[in-house]
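Here's the structure we're looking at; comments come further down.
Here, each number is a calculation from the coordinates, and none is a lab measurement. As the structure is a computational prediction, the values presented were derived from the model and not from experiment. Counting neighbours? That spans all protein chains shown, and the Cβs are built from the backbone with ideal geometry, glycine included.
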Amino acid sequence: MISWWRRAGVRVRSTVAATALMGVLLLAGSGLGLVLLRSALLAVDAESGGVQARLVRLSVTAEALGGRPDAALRAAVGADADRGSHVQVLAQDGSVVVASAALAGRGALTSLRPATSELVRETVDLPQLGRPGPWVVSVAGASVEGRRFWVVAAESTADAQRVLGVAAAALGVGSAVVVASVALLTWTFVGRSLRPVEAIRSTVQGISSRGLDGRVPVPAGEDEVARLAVTMNGMLARLEAAQRAQRRFVADASHELRSPVATLSAAAQVWSRAGGVDRGFTELVGSESARLEALVGDLLLLARADEGRLAAGPVGEVDLDEVVEVEAARVRAVSGLPVAVSTVPVRVLGDAAALARVVRNLVDNAVRHAGSAVELAVGPEVVDGASWAVVTVADDGAGIPVADRERVLGRFVRLDDSRQRGAGGPGGPGGTGLGLAIVAEVVAAHAGRVVVGERAGGGASVRVLLPVGPAEGPAAGPGQPPSAASR
Ligand SMILES: Nc1ncnc2c1ncn2[C@@H]1O[C@H](COP(=O)(O)OP(=O)(O)OP(=O)(O)O)[C@@H](O)[C@H]1O
Ligand SMILES: [Mg+2]
């Protein structure tokens, strides 16, 4: 119950609380009102019965009965015509001396016998009188010439009950209408108040880490929600500035590192040619500085991607089959591994150098992990109803576990650190875990998708899908497709 209440949301909770409170208040108020009304109505009935009894007593006394009712008493009691009053005059022995028309032939209605000049009342059911509900019976004591009499007047409360019934029904209907209106008003009002909050929530959800330039809508007015929106926009602005500064720093640092690293690399080559210095040492410096150079280049490329400036190169039509052929030739020359290539000519719009980099990174991975063979394929394909140019790079190595297929596209992700640590170029054991991250960035900038899977017969297979025909080229800026969708 409590967890349901917590989960129900502000709108439901406010509506239920307001409606319940209103219902309880109305119930209590109506109950109290009906009780008061009932006692007032019964008091009126009792009073009219009492008045009646006193009047008849006056008549009895005035006529000095002497045991024989005369015409005046009969008229006072209403014995000849039913005037709606139910009156009896009882003698000392309890016999009915005279009674109003409706009570003709009936015995005493009550056993109350008050003293002379006293008036008492009781409320009893008198079903024999034909009207439902309790009756108020008033009894007045009288004494004429030493003989005692009692005047009994019975008043039906049926009219009072009917009025009470009508009042209760009116209160019930009125309360239901009020409660329903309160529920509707609360639901509408709270819903309307929460609408800007929902707008803020959905905007924030749409702001990705990639583009912190979005701002939440600020509702008119200066209420809490408007202040929340303003505060949130301030926070987003600070986050964006911090992110921009951090990206700038990585980009600047990578850029600045490039020239000393290149100098180091060149110096190592000169040393190695000149001899003189220990050969092992110069080779080590050479390979490490080459590695450093590649790493700095990768970092710079990723920093550019983060800033939405990936497309440094010119955008044009690229023959993907040619790119794949060139890579196959390079790998055959470098690694000596058998490379099977199957190409169907296909052309995409994009940055030729960046796309060549994609294929090279995939092929480097395949060569590094292959058991004995690497397979490359390129051609047009229809996937999910759309036309794509698809490059597939597969090898017969250990493959990539299903659980890691999304993760390997992240930065600095290496699945087997111990095996791959240490020096080594493409085909060697090295690797910084940036290759596939670069693939993902470049492909995303070309509005494409990377699918990491497995090769039929074992091993890894990575497929790159790029839109064919006149698609957007590598995006630079806001037009960039969302990375998560395109990876
Ligand atoms: N063809 C493959 N077969 C098996 N595992 C692979 C394959 N390709 C990638 N991997 C795994 O995914 C990880 C990430 O690959 P990625 O290309 O991003 O980095 P890397 O090859 O280790 O380093 P870099 O490419 O930066 O030199 C690799 O470390 C490897 O564990
Ligand atoms: Mg790699």
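Averaging 1/r over each pair of different alpha-carbon atoms in segment 73-227 and inverting the result gives 21.9 Å, the Kirkwood hydrodynamic radius. For the chain, relative contact order (Cα pairs under 8 Å, six or more residues apart, normalised by length) works out to 10 percent.
When you restrict to C-alpha pairs under 8 Å that are six or more residues apart and normalise by the size of segment 224-303, the relative contact order lands at 39 percent. Only helices enter the 222 nm calculation for the chain: every DSSP H run of n ≥ 4 contributes -39,500 (n - 2.57), and dividing by all residues gives -18000 deg cm²/dmol, rounded to 500. Peptide packing for 362-371, 124-133, 401-410, 90-99 was compared via the average number of neighbouring C-beta atoms within 10 Å per residue; ordered from the highest value, the list is 362-371, 90-99, 401-410, 124-133. Between the C-alpha center of segment 186-232 and that of segment 143-175 there is a gap of 64 Å.
With +1 assigned to the C-beta of every Lys and Arg and -1 to the C-beta of every Asp and Glu, and no other charges, what is the dipole magnitude of the chain about the Cα centre in debye, to the nearest 20?
Computed about the Cα centre, the dipole is about 1100 debye.
Along segment 223-237 the Karplus relation, 6.51 cos²θ - 1.76 cosθ + 1.60 evaluated at θ = phi - 60°, assigns HN-Hα couplings of 7, 4, 5, 5, 5, 4, 4, 5, 4, 5, 5, x, 5, 4, 5 Hz to successive residues, with x for each Gly and Pro. Sorting LEU292, LEU301 from the fewest to the most surrounding beta carbons within 10 angstrom yields LEU292, LEU301.
A protection proxy built from the mean count of other Cβ atoms within 10 Å ranks the segments 235-248, 381-394, most packed first, as 381-394, 235-248. Exposure proxy for ARG74, ARG148: other Cβ atoms within 10 Å of each Cβ, ordered fewest to most, give ARG148, ARG74. Across every pair of different alpha-carbon atoms, what Kirkwood hydrodynamic radius in Å does the chain reach? Hydrodynamic radius (Kirkwood, Cα only) of the chain equals 32.4 Å. Going from the residue with the fewest nearby Cβ atoms within 10 Å to the one with the most, VAL89, VAL166, VAL51 rank VAL166, VAL51, VAL89. Against the empirical 2.2 N^0.38 Å (N residues), segment 231-310 has a Cα radius of gyration ratio of 1.59.
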